[in-house]
Structures are given as C-alpha cells and as structure tokens.
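*Asks:* Structure in structure tokens, see below.
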Amino acid sequence: MSDHPKDDRAPDLEAAKSGYAEHAPDDSAQPEGAPDNENQADFEAFMRLAKENEDLKDKALRLAAEMENLRRRTARDVHDARNYAIANFARDMLTVSDNLRRALDAVPAEAKEKGEAGFAALLEGVEMTERSMISALERHGVKKIAPEGEKFDPNFHQAMFEVPNPDVPANTVVQVVQTGYVIGERVLRPAMVGVAKGGPKAAAQAQEPAGEAASAEQDGKA
C-alpha cells in the first residue's frame, strides 16, 4: 500500500482509451473525394443505355429511309407497268400498220381514180382500218414522231442517209423514211430519217473565197 495520497487529477487511463476508441476515425470509411462504387455503376449503366438508344434510333431512321425508297420504287414500277405493259404488243401492231400503209401506197394513183366501186370501197376500208389502229394505239399512250424540219436527235431518230442541201442547217431532218413512235417517255421505234449535209456552215465557207477574191481585186485597183 502506497504512503502517497491518491491524486484525483491523475488521468484515468481506461477512460482515455475508451474515449479515443469512441471518437477514432473509421479506417473502413472511404476518404473524402474517393469515387462511389454505386454511383460509378449507375453512370456506366446510364451511358450504356444512352448508346443503345442512339443505336436503336439510327436503325429506326435507316429502316424508315429504306421503306420510303421501297415505296417509291413500287410506285414507279406500278406506273411503268401501267404505261409500258403493252409496249411489245404495240410494237407488233406497228408492223401491221406499216403493212397496211405499204399496201395503200402500192396502189397507183390512176387505179385509185379509175377503180370500180368495189375496189374503191376496199381501199377505203383499208384506210379506215389503219386510222382505227393508230387511234387505238394513241389512246394507250403511243404517239407518232414527226421530225421533218427538226434537228436530228439520236435519242429519237435513226439517220439512214445524208442529203446535200445548203439551204438548211446541217443535221436537220429533211426526209422521213419510216415514222417513229414513242410510248410515254420511251422510244417504241425510232424514226428512220435522212439528214441535211452542208447548210449555213458550208455556205459561209463558200463565201470566204469570194470575199478574198473581191479584196484582192480592190488591192489590184489600188
């Protein structure tokens, strides 16, 4: 037993340890500013969903564009089928019409004038048949190409020969050998034509030497 009296002011070691343990920082707690694992996971999930949403939006736009293109192609195909379905049939009918015209042209003018009533009636019937056939084709979009006097167009005309003619511009259609036809915007049969050769360009070249001769004559007089 100690002879010294107990000092009430002496620190209580057990109490101090207890207080420190109560207020000591928790080592398991994350330091300030450290990333929250739960929030990070939510952010990554959000970014993943946003990307999936953009991909789905892009696919939807592409699908809409493809459907619009399909709709336009279908409408064009229906339009072409409606307008050009009879193209082959019309082309065959043009051959029949050409034969009717050749038959009429083969009859001499004298025979037409002096022909008997039965012969005249036959010719008239053939002409009516030709006109009716052309009218029926026109009702279905088949139209004649009458290019005489127009500039030669290789898209609608087929040149068969050239005709020297300085009075008209070169490459002008001056004769139609066989009538052409179109159906809608397509050529059913090009017109077979003869085109002018020469024209104003050739005339201008022909005037040049004359002008030079006149100039030389004036120089000689001077």
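*Asks:* What number of residues within the range 78-107 satisfy the criterion of being in a helix (DSSP H, G or I) and either among the hydroxyl-bearing types (Ser, Thr, Tyr) or over 22 Å from Arg189 (Cα atoms) (or both)?
*Replies:* Step one: of the range 78-107, the residues in a helix (DSSP H, G or I) are 78-84, 87-106.
Then drop every residue that is not either among the hydroxyl-bearing types (Ser, Thr, Tyr) or over 22 Å from Arg189 (Cα atoms) (or both), which leaves 78, 84, 95, 97, 106.
Looking only at that region, the number is 5.
*Asks:* Do you know which of the residues in the range 114-147 that are of a type in the set (Asp, Glu) and part of a helix (DSSP H, G or I) is nearest to Ala191 (Cα to Cα)?
*Replies:* Here is the first cut: in the range 114-147, the residues of a type in the set (Asp, Glu) are 116, 124, 127, 130, 138.
Okay, now just the ones that are also part of a helix (DSSP H, G or I), so 124, 127, 130, 138.
Details: Glu124: 26, Glu127: 22, Glu130: 18, Glu138: 17 Å.
Once the filter is applied, the top-ranked residue is Glu138.
*Asks:* Mind listing just one residue for me: the one in the range 112-170 that is closer than 22 Å to Ser97 by Cβ and among the acidic types (Asp, Glu) and, of those, surrounded by the most Cβ atoms within 10 Å (Cβ to Cβ)? Quick ask: steps written out before the conclusion?
*Replies:* Residues of the range 112-170 closer than 22 Å to Ser97 by Cβ: 112, 119-148, 156-158, 160.
Of the ones still in play, those that are also among the acidic types (Asp, Glu) are 124, 127, 130, 138, 148.
Values: Glu124: 10, Glu127: 14, Glu130: 18, Glu138: 12, Glu148: 12.
The extreme case among them is Glu130.
*Asks:* Output the residues belonging to the range 157-190 that are touching a residue at least 60 places away in the same chain (Cβ under 8 Å) and assigned to a strand (DSSP E or B).
*Replies:* Step one: list which residues in the range 157-190 are touching a residue at least 60 places away in the same chain (Cβ under 8 Å), which gives 178, 181, 183-184, 186, 188-189.
Listed by number, the residues that qualify are Gln178, Tyr181, Ile183, Arg186, Leu188, Arg189.
*Asks:* Any idea how many residues of the range 95-110 are more than 30 Å from Ala85 (Cβ to Cβ) and exposed (fewer than 12 other Cβ atoms within 10 Å of the Cβ)?
*Replies:* Counting residues in the range 95-110 that are more than 30 Å from Ala85 (Cβ to Cβ) and exposed (fewer than 12 other Cβ atoms within 10 Å of the Cβ) gives 5.
*Asks:* Residues that are assigned to a helix (DSSP H, G or I) and either touching a helix residue (DSSP H, G or I) at 6+ places or on another chain (Cβ under 6 Å) or without any contact (Cβ under 8 Å) to a residue 24 or more places away in the chain (or both): does the range 148-156 have at least one? Break it down into steps so the answer makes sense when it comes.
*Replies:* Step one: list which residues in the range 148-156 are assigned to a helix (DSSP H, G or I), which gives none.
Looking for residues that are assigned to a helix (DSSP H, G or I) and either touching a helix residue (DSSP H, G or I) at 6+ places or on another chain (Cβ under 6 Å) or without any contact (Cβ under 8 Å) to a residue 24 or more places away in the chain (or both), one finds none in the range 148-156, hence no.
No value in this document is a laboratory result; all are computed from the given coordinates. In this text the structure is predicted, and so the values were computed from the model without any measurement. Cβ sites come from the backbone with ideal geometry, for glycine too, and all protein chains shown count toward neighbours.
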